[in-house]
Amino acid sequence: MSRGLAALFLLTMKLLIITTILLLLSGCSSNRIERKIVERINLACKSAAACTINIKELTDFAWDRMYVFDYRATKDQINQALGTPFPNYKELTRRIVFLKDSKIVYSEDDPANIEAPINREVIFDIPNTEVYESYMPDTVFRVEKKEFENGVYYSLTQVK
């Protein structure tokens, strides 16, 4: 094998290894609900027409209640809303928690910025006087894609 061909082979192998590692690393976080919501919106909501999504279609686990918490929610408020202790509480994070038979089956904390949305953030319609909202699996959300100086965010409002 010529030197040029050998060098090309080695370069191809290095790229294959790097690509495999990146895919494995991204796979570790591919179960992120917020990421799945954004991906679904970008696939399903290409036109300017009203778009709707159902979170149940994005989950691969059984659940009967979803709670979405504002970054202002305290550990006590979360525990009271869920009716069960919430482990690994972090202050100033947005949170999505799924329950099945009153037990936590999935949760994720997402970063929050108290001054402005974060690029690609999903914002659920939680009244200003509340710190959380809960939803059933059959809930349908209307999606609004909104641009701002740092990118885009997605506003979800319950319609069913």
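Every number in this text was worked out from the coordinates using simple rules, so none of it is lab data. Quantities reported herein were computed from a predicted structural model and do not represent experimental measurements. Don't worry about glycine lacking a Cβ; one is built from the backbone with ideal geometry, like all the others, and counts go over all protein chains shown.
Would you mind ranking PHE148, PHE98 so that the residue whose beta carbon has the fewest other beta carbons within 10 Å leads the list?
With the sparsest Cβ surroundings first, the list reads PHE148, PHE98.
Just how far, in whole angstrom, is the stretch 138-160 from the stretch 30-94 if you go by their alpha carbon centroids?
Value for the Cα centre distance between the two parts: 13 Å.
Go through the stretch 93-124 and name the GluC sites (Glu not before Pro) that are in a DSSP coil and have 14 or fewer other Cβ atoms within 10 Å of their Cβ.
Details: sites: GLU108, GLU115, GLU121; in loops: GLU115.
Qualifying residues, ordered by number: GLU115.
Can you return the lysines within cross-link range of LYS146? Criterion is Cα-Cα under 26 Å, with same-chain partners fewer than 8 residues away left out.
Partners found: LYS36, LYS46, LYS56, LYS160.
Counting Lys +1, Arg +1, Asp -1, Glu -1, what net charge surrounds ILE118 among other residues with beta carbon under 15 Å of its beta carbon? The partial results should precede the final answer.
Values: positive: ARG32, ARG35, ARG94, ARG95, ARG120, LYS145, LYS146; negative: GLU34, ASP70, GLU108, ASP109, ASP110, GLU115, GLU121, GLU147, GLU149.
That works out to -2.
When the Kirkwood radius is taken over all Cα pairs of the stretch 31-158, what Stokes-Einstein diffusion coefficient follows at 37 °C and 0.692 mPa s, in µm²/s?
217
Pulled fully out, how much extra length does the chain show between GLU57 and GLU130, if you take 0.36 nm times their separation in residues and subtract their Cα-Cα distance? Write out the running numbers ahead of the final one.
On the way: separation 73, 0.36 × 73 = 26.28 nm, distance 2.66 nm.
Residue separation times 0.36 nm, minus the Cα-Cα distance, leaves 23.6 nm.
Which FRET efficiency value, to the nearest 0.05, is calculated for THR74 and VAL152 with the Förster distance at 25 angstrom and r the Cβ-Cβ distance? Intermediate values should be presented prior to the final figure.
Numbers: r = 30 Å, r/R0 = 1.19.
Efficiency at R0 = 25 Å is approximately 0.25.
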